[in-house]
Amino acid sequence: MRIVTILLLCSGFLFSAPSFEVATIRRSSPDMGTSDRESFQGGVLRMGNVTLKQIVRYAYGISETQIFGGPKWMEDYRFDIVAKADGSVNRDNLLTMLQPLLAERFHLTLHHETRTIAGYALEIAKAGIRMSVSDRTDGPGSNTSQTSINAFAFPMPQLAIRLAVVLQRPVVDMTGDKRVFDFNLRWSPDGAQGGGPGVTELPTLFTAIEEQLGLKLEARKVPVDAIVVDSAELPGEN
């Protein structure tokens, strides 16, 4: 079902939204393959060898399975981005600042729809929550890798977003818990078990979520906020 409200990427929006002091966007070298990299430190956002679809994923905090439409090159062409904020800005704010940058440089226009697609429901496991309720006031904050999520003062909806990025499937928070938590989630990537040399004995992500956090992921059709790309253009010279 299409939501009537359309995201207007107009000049007024660009003016009022936080923006980078300086930003460069260039096509990546063809010999980079499909390996991508990201860094968000000291108020500087760096992305290397990323597709526009990946950039939209970061900017809006959703999985790529929730992004529809747009030209085919959104998944083929890769870009290097270096964008500097005016002062020290944390990771989440840097990613939000990507939204007006995409509208300016890629002439990206999009709208939101509610769609029901295959994904996961994040629920409380039978044994109950195992995470520590946070008393920190400087969060939420997190550090996510391919095999871990270290977080503090983290709410359930944010955890669902992080898991969606890892799984590349939408994850919807259905716990109903409004508290914030500190946790260190660690797991072994698919196919890395079996006790081979140098392999750390860690559970799969689904097992780790239940054993370490007291939560579970149930595969089902879930309603999600989907982004539909109406138009996009290749960026010009910086």
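Across the range 117-163, what is the number of residues that are outside any loop (DSSP other than H, G, I, E, B), farther than 20 Å from Glu38 by Cα and not acidic (Asp, Glu)? Residues in the range 117-163 being outside any loop (DSSP other than H, G, I, E, B), farther than 20 Å from Glu38 by Cα and not acidic (Asp, Glu): 16 in total.
Return yes or no: is Glu113 assigned to a strand (DSSP E or B) and either of a type outside the set (Val, Ile, Thr) or closer than 25 Å to Leu202 by Cα (or both)?
Values: assigned to a strand (DSSP E or B): yes; either of a type outside the set (Val, Ile, Thr) or closer than 25 Å to Leu202 by Cα (or both): yes.
Considered against the rule, which asks whether it is assigned to a strand (DSSP E or B) and either of a type outside the set (Val, Ile, Thr) or closer than 25 Å to Leu202 by Cα (or both), Glu113 comes out as yes.
For residues that are farther than 14 Å from Ile55 by Cα and at pLDDT 90 or above, tally how many sit in the range 70-103. Within the range 70-103, residues that are farther than 14 Å from Ile55 by Cα and at pLDDT 90 or above number 4.
Looking only at the range 127-171, filter to residues that are in contact with a helix residue (DSSP H, G or I) (Cβ under 6 Å, 6 or more places away or on another chain) and among the aliphatic types (A, V, I, L, M); which one of those is modelled with the highest pLDDT? Selected residue: Met131. For the residues Ile67, Ile81, Ile55, the requirement of being more than 20 Å from Pro170 (Cα to Cα) and under 18 Å from the mean Cα position of the chain (by Cα) singles out Ile81. Condition test on Val199, is it touching a strand residue (DSSP E or B) at 6+ places or on another chain (Cβ under 7 Å) and either modelled with pLDDT under 90 or over 15 Å from Gln212 (Cβ atoms) (or both)? No, not satisfied. Among the residues making up the range 222-231, a single one is more than 20 Å from the chain's Cα centre (by Cα) and not hydroxyl-bearing (Ser, Thr, Tyr): Asp230.
The values are calculated or read from the model by the stated rules, or taken from the named source; none is laboratory data. Bear in mind that the values here come from a model prediction, so they are computed numbers and not experimental data. So basically every Cβ, Gly included, is an ideal-geometry build from the backbone, and we count neighbours across all protein chains shown.
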